[in-house]
Amino acid sequence: MDAKPNLPSAADEIEINRQAPTNSKGGLITMPFIIANEALEKVATYGSQLNMVLYLTNEYKMNYVRASNLILFWSAATSLSPLLGAFVADSYLGRFLTIAISSILSILGIVLLWLTAMIPGARPPPCDQYKQRCEGAGSGQYTLLLLAFFLTAIGAGGIRACSMAFGADQILKKDSRDNARLLESFFSWYYASYAVSILVAFTGIVYIQSNIGWKVGFGVPAILMLFAAVLFVVTSPLYVRRNASKSLFVGLVQVAVVAYKNRELEYPRDGDAGYRYLPGSSNASPSKKLRFLNKACIVKNPRDVTSAGDSANSWNLCSTDQVENLKALITALPIWSTGVMVAISTTQNAFPVLQANSMDRHLTRGFQIPAASFVMFVVLMVTLWVVLYDRVIIPLASKIAGKKVRLGVRLRMGIGIFLCSLSMAVSGLVEHVRRKKAVEQGLANNPVGIVNMSAMWLILQYCLTGLAEAFFAIGQNEFFYTEFPKSMSSIASCLNGVGMGVGNLAASVVLNTVDRATSSGGKESWVSNNINKGRFDYYYWLMAAMAFGNLFYYIFCSWSYGRCADADAVEDTKRTTHVREEEEEA
């Protein structure tokens with residue numbers, strides 16, 4: 001789950017103002033079509049992913065490990081694809097075309113997924129009850145399923161990478177005094193649509209799939225996505241469109257390439273004069289950290305720099321700003337890597353669905369919560385904590401302390417990692433009790449039997465996961481935004497999603513390793529297809545131990561990083577307050 005939508009930075013807004021046309025296009029009238037397109041894409045993708053483990057195990061006759069691996073790869077592709085979407089939009093197609101083409105790809109993917117449910121021959125036949133044999137998916141059936149996953153992942157990447165910035169394109173006007181008010185209105189609607197789309201996916205779509213069936217459950221998202229995409233394209237004459245420009249990703253690659261090409265060069269002896277820097281830049285000379293990269297901006301020949309101060313060939317000479325951008329990214333990577341373990345823990349969504357499916361999920365005699373809808377407690381906890389933290393806890397603590405109180409971003413990330421390990425430990429404890437009850441009630445050989453235990457016990461682990469995300473993911477996003485140069489806001493907005501994607505891939509590796517290690521010698525795997533014979537409680541406790549080890553790794557990385565921008569901001573605030581108090585006393 002995305003903990004926080006990505007927002008354009010001040011540098012992005014300045015660039016938008018500089019390039020935005022002065023005609024009558026754009027404005028708030030375009031917002032419903034842009035926001036609806038991304039919101040309904042999230043409804044379709046999240047709504048399909050949550051229940052997918054049941055679809056794959058029941059309809060495609062996959063075992064748990066294979067189904068979980070496939071879902072993790074799909075989630076990883078969905079999380080990583082915005083990098084590709086941002087690159088294509090910035091360098092080649094522009095944001096409008098990227099969103100339009102990505103919407104078409106998303107529709108095709110969702111329709112193909114719907115067809116697997118509609119066409120009996122597109123999935124394996126029902127199990128033969130007399131021969132007690134289940135036939136798996138054929139190569140053609142499996143290829144169709146993978147193609148559906150691939151298209152939805154690529155489509156999601158293009159839409160999510162561009163929608164926020166494309167919306168800002170429509171409302172930010174050059175020299176307008178209303179930009180701040182318009183941005184506030186746009187962000188409010190964007191946050192609202194984000195929350196609504198997640199809740200609709202986790203409740204409405206999952207309920208339809210669980211109670212009406214897969215045909216309608218996959219068909220509804222396809223229709224909604226088609227409707228939104230058609231509206232987005234039909235209203236294209238209303239939009240402000242910016243042309244594609246040079247991608248920041250390319251600029252970072254150029255620094256690495258040029259630094260390697262210039263590895264034999266000597267460093268300038270005359271200070272700033274030997275480096276190429278942009279007019280007005282604060283980086284007249286590069287910093288001394290990661291000094292080997294400084295060779296990328298050494299001017300070898302005056303003819304390498306044009307009269308306007310640009311590089312004659314960007315693959316032969318870079319600017320000091322480009323070098324400092326890459327340095328900022330490299331120095332932040334260790335702290336970023338701690339998020340991979342958090343992602344491994346928080347993306348364990350497939351088994352909790354099977355777990356909830358085997359427990360009593362009734363709220364009343366006639367209504368029960370769909371197994372995949374329990375994840376909505378993660379979203380609710382994130383939302384609740386953000387509101388309480390901003391509106392209640394911080395103001396109350398500041399009032400009691402008599403000064404402004406805040407938690408630094410690195411402290412919040414550390415708390416998030418601790419809560420992550422705690423949520424895994426609690427998950428293992430609940431599963432230990434559930435499995436024990438299942439065995440006592442004679443369900444050891446019946447993985448689909450309902451254990452006489454309320455599924456509401458799962459709420460605690462989901463709430464802890466939500467708190468972990470609220471502390472870590474939001475803190476990490478803020479860390480990247482405050483530490484990176486403003487020109488790197490697009491990369492800062494992608495890093496959390498990249499961490500989630502890498503975490504999904506790493507989770508698959510951990511799952512396969514545990515399965516092979518614990519099933520050797522004919523023993524029952526911890527992650528057995530029969531959840532009552534497996535030991536998922538041990539698996540959860542292994543995740544808890546790894547997450548707790550990650551906490552110590554994070555403490556080391558945070559210490560190695562040194563001071564960060566938010567700490568400097570706190571010191572500036574303290575100094576300002578101290579001076580003000582002295583002036584009042586005088």
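The values are calculated or read from the model by the stated rules, or taken from the named source; none is laboratory data. In this text, all values refer to a predicted model and were calculated from it rather than measured experimentally. Reconstructed Cβ throughout: ideal geometry from the backbone, glycine too, with neighbour counts over all protein chains shown. Note: accessible area is taken over every heavy atom of the protein model, side chains too, but ligands, DNA and RNA are not part of it. Shrake-Rupley method; radii C 1.70, N 1.55, O 1.52, S 1.80 Å.
Between Glu524 and Ala284, the distance separating the two model label sites (each 7 Å from Cα on the Cα→Cβ line) works out to 7.3 nm. When +1 charges are put on Lys and Arg Cβ atoms and -1 charges on Asp and Glu Cβ atoms, the dipole computed for region 262-355 relative to its Cα centre reaches about 220 debye. Classify region 209-326: rounded, prolate or oblate, from the alpha-carbon gyration tensor (a ≥ b ≥ c, eigenvalue square roots; a/c under 1.5 rounded; otherwise prolate if a/b is larger than b/c)? Verdict is prolate for region 209-326. With the gyration tensor restricted to C-alpha atoms of the chain, the semi-axes of the equivalent ellipsoid amount to 44, 29, 25 Å, longest first.
The relative contact order of the chain, computed from alpha carbon pairs under 8 Å that lie at least 6 residues apart in sequence, is 20 percent.
May I ask for the percentage of alpha-carbon pairs in region 383-436 that lie more than 16 Å from each other?
Values: 885 of 1431 pairs.
Value for region 383-436 (Cα pairs over 16 Å): 62 percent.
In square nanometres, what is one fourth of the surface area of the convex hull spanned by the alpha carbons of region 423-504?
On the way: hull surface 28.3 nm².
Mean orientational projected area (region 423-504, Cα hull): 7.1 nm².
Selection among Met424, Gly138, Phe471 by position relative to the dipole of the chain gives Gly138 as farthest towards the positive end (Cβ unit charges, Cα centre). Label zone (His362, point 7 Å along Cα-to-C-beta; backbone nitrogen cut-off 17 Å) within region 441-481: 449-457. Placing unit charges on the Cβ atoms of the charged side chains and taking the dipole of the chain about its Cα centre, the candidate lying farthest along the positive direction among Cys494, Gly402, Leu363 is Leu363. Note on the chain: with neighbouring protein chains present and a 1.4 Å probe, carbon and sulfur make up 62 percent of its accessible heavy-atom surface.
Taking the Cβ of Met456 as the centre, find all other residues whose Cβ is under 10 Å away and add up their charges (Lys, Arg: +1; Asp, Glu: -1). Could you put the intermediate results ahead of the total?
On the way: positive: Arg361; negative: Asp360.
Summing Lys and Arg as +1 and Asp and Glu as -1 gives 0.
Only sites in a loop by DSSP and with at most 15 other Cβ atoms within 10 Å count here; which trypsin sites (Lys or Arg not before Pro) in region 87-163 make the cut?
Working: sites: Arg95, Lys131, Arg133, Arg160; in loops: Lys131.
Hits after loop and neighbour filter: Lys131.
Based on the Kirkwood approach, the hydrodynamic radius assigned to region 353-412 is 14.6 Å, with every pair of different Cα atoms included.
Evaluate E = 1/(1 + (r/R0)^6) for Arg303 and Val233, where r is the Cβ-Cβ distance and R0 equals 41 Å; express this FRET efficiency to the nearest 0.05. For Arg303 and Val233, the calculated efficiency is 0.30. If R0 is taken as 60 Å, the Cβ-Cβ distance between Ile119 and Phe552 corresponds to a FRET efficiency of 0.70. Between 0 and 90 degrees, the angle of helix 139-171 with respect to the longest Cα principal axis of the chain falls at about 40 degrees. Segment Glu135..Ile29, full-extension length gain: 32.9 nm, with 0.36 nm per residue of separation and the alpha-carbon distance subtracted. Computed over the alpha-carbon atoms, region 39-101 gives an Rg to Rh ratio of 1.12, Rh here being the Kirkwood radius from the mean inverse distance. Here the spin labels are modelled as points 7 Å beyond Cα on the Cα-Cβ line, and at Ala545 and Asn445 they lie 3.3 nm apart.
Which one of Ile208, Ser525, Ala148 has its Cα pushed farthest toward the positive end of the charge dipole of the chain, where Lys and Arg give +1 and Asp and Glu give -1 at the Cβ? Of the candidates, Ser525 comes out farthest on the positive side.
Counted by Cβ distance under 13 Å from Pro447, the other residues give a net charge of +2, where Lys and Arg count +1 and Asp and Glu count -1. Entry comment: accessible area of the chain is 47 Å² per residue, from protein heavy atoms only and a probe of 1.4 Å. In the structure shown, the pairs Lys61/Lys215; Lys61/Lys436; Lys261/Lys288; Lys42/Lys399; Lys289/Lys403 are assessed against 29 Å; a Cα-Cα span above that value is assigned to Lys42/Lys399; Lys289/Lys403.
With each label modelled as a point 7 angstrom along the Cα→C-beta vector, the Leu333-Lys215 pair spans 5.2 nm.
Per DSSP helix of 4 or more residues, -39500 (n - 2.57); summed, then divided by the residues of the chain. What does that give at 222 nm, rounded to the nearest 500?
Numbers: 19 runs with 372 residues, N = 586.
Counting only the DSSP helices, I get -22000 deg cm²/dmol.
Computed from Cα positions, the angle between helix 536-561 and the longest principal axis of the chain comes to roughly 10 degrees.
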